[in-house]
Amino acid sequence: MKHLETQVAIIGAGPSGLLLGQLLARQGISNIILERVTGDYVLGRVRAGILEQGFVDLVREAGVADRMDEEGASHEGFNISIDDRSVRIDLKKLTGGDVVVCYGQTEITKDLMESRAALELVTFYEASDVDLQDVTAASPSVTFVHEGEDYELKCDYIAGCDGFHGISRQTIPEQLRVEHERVYPFGWLGLLSDTPPVSHELIYSKTSRGFALASQRSATRSRYYIQVPLSDQVEDWSDERFWEEFKKRLPKRAAEKLVTGPSIEKSIAPLRSFICEPMQYGKLFLVGDAAHIVPPTGAKGLNLAASDVSTLYKILRRVYLEDDKECITQYSEIALRRVWHGERFSWWMTNMLHNFDDMESLDLKGQTFERFMDSELSYYLASEAGQKVIAEQYVGLPYEDLA
Ligand code: FAS
Ligand code: PHB
């Protein structure tokens, strides 16, 4: 058994773990990251694309914003269309100046990985059998296997940044966890292509055929989604079938401009709302997808992970730089307040924009539920007050400071 020590053990080298590790290192707080798969595998997962201002500010504070500032695109608005009627949500005007940045999660992760390597910070990729020990004791530890060697990593705190399928959440005793979940009766088929985006701003499109989203990664790379039944497999969808269906779900003016091409990535993501309460137990803190999942309709998943990182970073900075150990009790309450707002917005946008007509929903037949949601969406789009409600949440509610 090889013995190691650090101040903060981080489980998972996704955006949560890498961003936290970078912020802590810049304050001289030592940390070691344990990641189950290879760095290339992490980079191969195509996920989020929209960054709230809070996330952008945190990336700048982490000192890895150069490429994001150069290649990221500032978006001052986005569009919601119902069949062929489009309404532009003017984020900048409705929020008094706030916007979002379009820059892929893959790129952020790459920038963080490169910076971590340049700083020679320790990351164990392909670490297996990761197990959290004595998380309620004064000195917790993490055991794992790497390249056939057994390790014990002693630490002061553990940040569980290991996503929905990680080990950290399961370390909180089941009888102490309250888990809220809503699984949606459809998924998102996503396609990435090196084709010019159909619109310079995002289009969230609700049609009688189902939902579609036109997003992007750059002026030459598009990211598109369509709602599909949960029973569909990605093999059921050739590129041709995707383009034909996607075009039918776009507003006419956009459909006329659609440039198609071969997919460079294509996958189906299930949609769920999930929250684990509390988000901490002893010296263990759950961060990002390890604690919560949102349907991507509100572009909140990655952004909620960022606000968790911000709260935990502020706490650990106060613990180590001001010797204030009491403040750790604030984490879960502060993190959950913002997470629930993000969960509600994502649930609301998902209900308003998707077709529920082929399933029983809540206590209503799909068609009836859908008619309520049509009315809800039309009401909010028809007034500046309603659009302001959407805009304020889309750009991201403010981060909360520690008491
Ligand atoms: P991640 O899941 O990204 O990272 C967790 C890491 O922990 C992984 O690298 C994993 O390998 C590792 N790990 C797991 N178990 C471990 C163990 N036992 N030991 C060591 N390491 C372990 N969000 C949006 O805002 N917009 C989107 O369009 C969007 N699309 C998505 C599509 C899909 C298919 C998925 C799954 C998520 C999507 N999300 C989207 C949400 C996504 O961006 C997450 O919010 C984001 O990846 C969260 O980052 P992390 O918390 O770091 O978790
Ligand atoms: C994306 O670009 O992947 C994206 C953008 C906005 C969303 C979801 C996904 O709401």
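Worth a mention:
- Odd one out for V287 among (1) within 16 Å of ligand 2 (Cβ to nearest atom); (2) in contact with a helix residue (DSSP H, G or I) (Cβ under 9 Å, 6 or more places away or on another chain): (1)
- Taking the range 193-217 as the range and being more than 28 Å from M373 (Cα to Cα), in contact with a strand residue (DSSP E or B) (Cβ under 6 Å, 6 or more places away or on another chain) and either within 13 Å of ligand 1 (Cβ to nearest atom) or not in a strand (DSSP E or B) (or both) as the test, the residues that pass are D194, T195, P197, R217.
- Residue in the range 342-357 that is buried (at least 22 other Cβ atoms within 10 Å of the Cβ), charged (D, E, K, R), at negative phi and touching a residue at least 60 places away in the same chain (Cβ under 8 Å) present: yes
- Criterion: closer than 30 Å to R88 by Cβ, in contact (Cβ under 8 Å) with a residue 24 or more places away in the chain and more than 16 Å from ligand 2 (Cβ to nearest atom) - qualifying residue of T171, T207: T207
- Whichever residue in the range 320-339 is of a type in the set (V, I, T) and surrounded by fewer than 19 Cβ atoms within 10 Å (Cβ to Cβ) and, among such residues, is farthest from I10 (Cα to Cα): T329
- The single condition among (1) touching an Asp or Glu at 6+ places or on another chain (Cβ under 8 Å); (2) more than 16 Å from ligand 2 (Cβ to nearest atom); (3) assigned to a helix (DSSP H, G or I) that E114 does not satisfy is (1).
- Total residues in the range 95-106, condition within 12 Å of I50 (Cα to Cα) and out of contact with any helix residue (DSSP H, G or I) (no Cβ under 7 Å at 6 or more places or on another chain): 2
Yes or no, residue by residue, for (1) charged (D, E, K, R); (2) more than 16 Å from ligand 1 (Cβ to nearest atom); (3) closer than 23 Å to L51 by Cα:
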position	(1), (2), (3)
L302	no, no, yes
A305	no, no, yes
D308	yes, no, yes
Y313	no, no, yes
D323	yes, yes, no
Y331	no, no, yes
R338	yes, no, yes
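- Condition check for G190 on (1) part of a strand (DSSP E or B); (2) touching a Gly at 6+ places or on another chain (Cβ under 7 Å): one failure, at (2).
- Entry remark, the range 281-292: residues being crowded, with 24+ Cβ neighbours inside 10 Å and over 8 Å from the mean Cα position of the chain (by Cα) number 6 in total.
- Single residue of the range 4-50 satisfying the filter (in a strand (DSSP E or B) and near ligand 1 (Cβ under 9 Å from one of its atoms)) that is farthest from G396 (Cα to Cα): L34
- Criterion (of a type in the set (S, T, N, Q), over 28 Å from the mean Cα position of the chain (by Cα) and modelled with pLDDT of 95 or more) met by exactly one of T136, T171, T123: T136
- Flag for A269 being more than 16 Å from ligand 2 (Cβ to nearest atom), within 24 Å of the chain's Cα centre (by Cα) and either at pLDDT 95 or above or surrounded by 14 or more Cβ atoms within 10 Å (Cβ to Cβ) (or both): no
The values are calculated or read from the model by the stated rules, or taken from the named source; none is laboratory data. Keep in mind it's a predicted model, so treat the numbers as computed, not measured. Note that we place each Cβ from the backbone using ideal geometry, even for glycine, and neighbour counts take in every protein chain shown.
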